[in-house]
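The values are calculated or read from the model by the stated rules, or taken from the named source; none is laboratory data. Note that the structure is predicted; figures quoted are calculated from it, not measured. Reconstructed Cβ throughout: ideal geometry from the backbone, glycine too, with neighbour counts over all protein chains shown.
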Amino acid sequence: MAARTRFAPSPTGDLHLGGAWTALASWVVARVTEGGRCALRIEDLDRPRVVPGAQARIEEDLLWLGLAWDEGPMLQSERGELYEASIARLAQQGLVYPCDCSRAEIARVASAPHAGEDVVYPGFCRDRDPARPMRRPPALRARLPDETVEYEDGAAGRVVQSLAREAGDFVLRRGDGVFAYQLAVVVDDVAQGITDVVRGADLLASTGRQMWLARALGAAPPRYTHVPLVVGPEGARLEKRMRGVSVRELREAGLSPARVVGALAHGLGLVQADRPLTATQVVRACAGRPFVWARSGWSVPREW
Ligand code: GLU
């Protein structure tokens with residue numbers, strides 16, 4: 001069956017190797033199927049963080065890598081009406097409530113999150129008296145049931161997440177009117193008919209709530225594959241400022257796209273040897289067999 005995937009960068013800077021890594025993985029998962037398509041979606045909802053020109057530079061770098069998209073670019077900043085309509089649909093089911101808690105109020109009570117996890121909202125406003133005036137423009141939160149979501153991840157295996165304990169009543173629209181990533185990503189995945197979400201393991205914790213949200217919007221959730229992360233040389237956390245980490249920098253240093261793509265494909269576990277390959281050659285190497293993703297992250301080679 002034709003797979004539909006997407007690559008969804010935030011235009012907050014140049015494409016870094018972590019982005020190229022998930023772009024390649026998404027592209028291969030789509031292209032390995034007959035008629036498969038990979039869409040480009042720009043996650044530009046948080047306007048102050050958007051860097052002018054970053055989208056064009058990301059697009060250039062993707063094309064340089066040979067990762068031409070089949071649809072898009074689709075800009076989230078132009079889809080407000082669709083997000084609003086989705087919130088209305090959730091509200092009709094009693095799944096939305098306003099919340100005027102400040103970050104500080106929540107942090108004081110909520111247990112400290114583990115690295116990469118969001119604070120679980122303690123639910124202060126869940127059953128608020130509607131007569132009580134709002135102290136500030138409220139955020140809108142999803143009212144999550146106390147359920148467990150289970151699924152088989154394409155790379156991470158069996159995943160079991162408690163919605164109440166691990167996600168909590170997450171924000172759909174911030175008090176300043178900005179739609180939250182968690183809402184927009186699900187609305188778009190559903191609207192674009194995405195069959196396979198392929199992304200970094202840093203987003204694994206979001207999956208349970210995203211599957212719940214897709215179902216609440218009347219859709220079957222996509223399949224999820226969370227690939228291990230790229231780390232900097234010698235296992236350090238990948239920092240944008242690190243040398244050899246942006247695709248642009250590697251280009252300017254004279255590396256060929258095939259050198260970069262081949263190394264990423266090898267790191268992902270898609271090919272046996274680290275040798276120069278075009279993205280299309282990676283697809284050919286993956287055809288006709290199930291994906292076996294790398295079990296652990298990949299370090300940017302020191303010589304880059
Ligand atoms: N924009 C997110 C990122 O750059 C990707 C979100 C997703 O794939 O769901 O990490």
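Take the residues of segment 45-58 that are away from the ligand (no atom under 14 Å from the Cβ) and modelled with pLDDT of 95 or more: which is surrounded by the most Cβ atoms within 10 Å (Cβ to Cβ)? Restricting to residues being away from the ligand (no atom under 14 Å from the Cβ) and modelled with pLDDT of 95 or more, the top hit is Arg57.
Across segment 1-26, the number of residues qualifying as touching a Ser or Thr at 6+ places or on another chain (Cβ under 7 Å) and in a helix (DSSP H, G or I) comes to 1. Note on segment 68-98: residues that are within 26 Å of Ala39 (Cα to Cα), of a type outside the set (A, V, I, L, M) and part of a loop (DSSP other than H, G, I, E, B) amount to 3. For segment 103-144, a residue qualifies if it is modelled with pLDDT under 80, part of a loop (DSSP other than H, G, I, E, B) and either over 30 Å from Arg237 (Cβ atoms) or of a type in the set (A, V, I, L, M, F, W, C) (or both), and the qualifying residues are Ala110, Ala112, Ala115. Note on segment 158-215: residues that are over 17 Å from the mean Cα position of the chain (by Cα) and crowded, with 23+ Cβ neighbours inside 10 Å amount to 1.
From the set of residues in segment 187-225 that are in contact (Cβ under 8 Å) with a residue 40 or more places away in the chain and among the β-branched types (Val, Ile, Thr), which is nearest to the ligand (Cβ to nearest atom)? In this case the residue turns out to be Val197. Take Tyr121 and decide whether it is of a type in the set (Phe, Trp, Tyr) and within 23 Å of the chain's Cα centre (by Cα). Here the answer is yes, as Tyr121 does meet what is asked. When each of Ala273, Ala265 is tested for being farther than 14 Å from Leu24 by Cβ and either out of contact with any Ser or Thr (no Cβ under 9 Å at 6 or more places or on another chain) or hydrophobic (A, V, I, L, M, F, W, C) (or both), the lone residue that passes is Ala273. Tallying residues that are over 26 Å from Glu249 (Cα atoms), among the hydrophobic types (A, V, I, L, M, F, W, C) and either within 15 Å of the chain's Cα centre (by Cα) or within 13 Å of the ligand (Cβ to nearest atom) (or both) within segment 1-13 yields 0. Selection over segment 29-44 of residues that are touching a Ser or Thr at 6+ places or on another chain (Cβ under 9 Å), more than 10 Å from the ligand (Cβ to nearest atom) and either in a helix (DSSP H, G or I) or in contact (Cβ under 8 Å) with a residue 40 or more places away in the chain (or both) gives a count of 4. Looking at segment 241-250, is at least one residue buried (at least 20 other Cβ atoms within 10 Å of the Cβ), touching a strand residue (DSSP E or B) at 6+ places or on another chain (Cβ under 6 Å) and among the β-branched types (Val, Ile, Thr)? Yes, that holds for at least one residue. Of all residues in segment 14-28, those that are within 14 Å of the ligand (Cβ to nearest atom), touching a helix residue (DSSP H, G or I) at 6+ places or on another chain (Cβ under 7 Å) and under 18 Å from Asp196 (Cβ atoms) total 5.
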